[in-house]
Amino acid sequence: MQSSIEVGRDPAVQYLLRIGDTCLILGQRLGEWSGHAPVLEEDIAMANMALDLVGQARALLTRAGQLGGRGHDEDQLAFLRDERDYFNPTLVELPRGDFAFTVVRNAVVATFLKHLWERLLDSSDSELAGIAGKAVKEARYHQQHAGDWVVRLGDGTAESRRRTEAALQTAWLYVPELFDADAVDATAAASRLGPSWSALHPPWLQDMQAILDEAGLAVPQPSAFRSTGKRGVHSEHMGSILAQMQQLQRAFPGGAW
């Protein structure tokens, strides 16, 4: 078995890993819909969005490896870290759930990523700014696609509305983690590497409010619950998704086709 790698705790590297891991894990969850989506067109759309997110993750993990100074490439960072060394918010690692949960989560995360990528266009790191130039176009499409489905389901049948309301209540519990500020954010903002994620909350909420208003859905009430995936403390679901992702690379180190 391939042993795990260490990534250190450099704030700039952690900032990039947070974004890269968010894209990587959500891409993995979306990929689980391949062959299972409710209609063929959506099956293809889910797969394409998953590929977009994995492509973003590849670029970010490559850059994080360069800045980390340990010689790690994208594959090592994707497949050979221990669970506590992944820094994605907990929301993206939750099981795929039903179709309503998937589109609600996609709307939440794509809206967040859209605003993040827009701000990263002005990053002091020219490599990161270049990644953002392509990724922001993909995130805008992902947001539009997911938002359209939220409206379609929320304003659809009694059953689709019930499921969408339930999905919204579940997803919203994990939203505050996206915007919690800490030292990693402060360092990134001070160096102009990227914005503090807390600064993205007002435009994110404005966009989400518009989607939910059109769907006839109410913004859920806030909760005291706080998830902690960004700090490497994950839900029970993270172990299973990493086991699936890492099995081949750890069993056949450096395997190539």
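DSSP loop (so not H, G, I, E, B), at most 13 other Cβ within 10 Å: list which trypsin sites (Lys or Arg not before Pro) in the range 177-257 pass both filters. Passing both the DSSP loop test and the Cβ count: Arg192, Arg226. Going by neighbour counts of Cβ atoms within 10 Å, the residues Lys137, Lys114 line up, fewest first, as Lys137, Lys114. Between helix 237-251 and the chain there is an angle of about 40 degrees, using the helix long axis and the longest principal axis of the Cα atoms.
What's the ranking of 211-219, 19-27 by average number of surrounding C-beta atoms within 10 Å, highest first? Kindly include the intermediate steps, with their values, before the conclusion.
Details: 211-219: 16.2, 19-27: 26.4.
So the order, starting with the most tightly packed, is 19-27, 211-219.
Our analysis of the range 75-132 gives Rg over Rh at 1.06, with the two radii drawn from alpha carbon positions and Rh computed by the Kirkwood formula.
Both radii come from the Cα set of the range 31-82: Rg as radius of gyration, Rh as Kirkwood radius; their ratio Rg/Rh reads 1.18. A crude spin-label estimate for the pair Val219 and Leu121, with each label 7 Å from Cα along the Cβ direction, gives 2.5 nm. Computed from the C-beta positions of Ser240 and Arg9 and an R0 of 30 Å, the FRET efficiency is 0.70 to the nearest 0.05. Rg over Rh for the range 6-62 works out to 1.14, using Cα positions for both radii and the Kirkwood form for Rh.
Per DSSP helix of 4 or more residues, -39500 (n - 2.57); summed, then divided by the residues of the chain. What does that give at 222 nm, rounded to the nearest 500? Don't jump to the answer; show the numbers that get you there.
Working: 10 runs with 166 residues, N = 257.
It comes out at -21500 deg cm²/dmol, rounded to the nearest 500.
For the range 200-257, what is the Kirkwood hydrodynamic radius in Å, using each pair of distinct C-alpha atoms? Kindly include the intermediate steps, with their values, before the conclusion.
Values: mean 1/r = 0.0643 Å⁻¹.
Evaluated over the range 200-257, this radius sits at 15.5 Å.
Distance from the C-alpha centroid of the range 148-217 to that of the range 1-58: 19 Å, rounded to the whole angstrom. Between helix 99-120 and the chain there is an angle of about 50 degrees, using the helix long axis and the longest principal axis of the Cα atoms. The tail of the calculated P(r) for the range 11-251 beyond 25 Å holds 38 percent of all Cα-Cα pairs.
Taking the longest Cα principal axis of the chain as reference, the axis of helix 11-31 is set at about 50 degrees.
FYI, it's all coordinate maths here, none of it is from the lab. No experiment lies behind these values; they were computed from the predicted model shown. Heads up, the Cβs are rebuilt from the backbone with ideal geometry, glycines too, and the neighbour counts pull from every protein chain shown.
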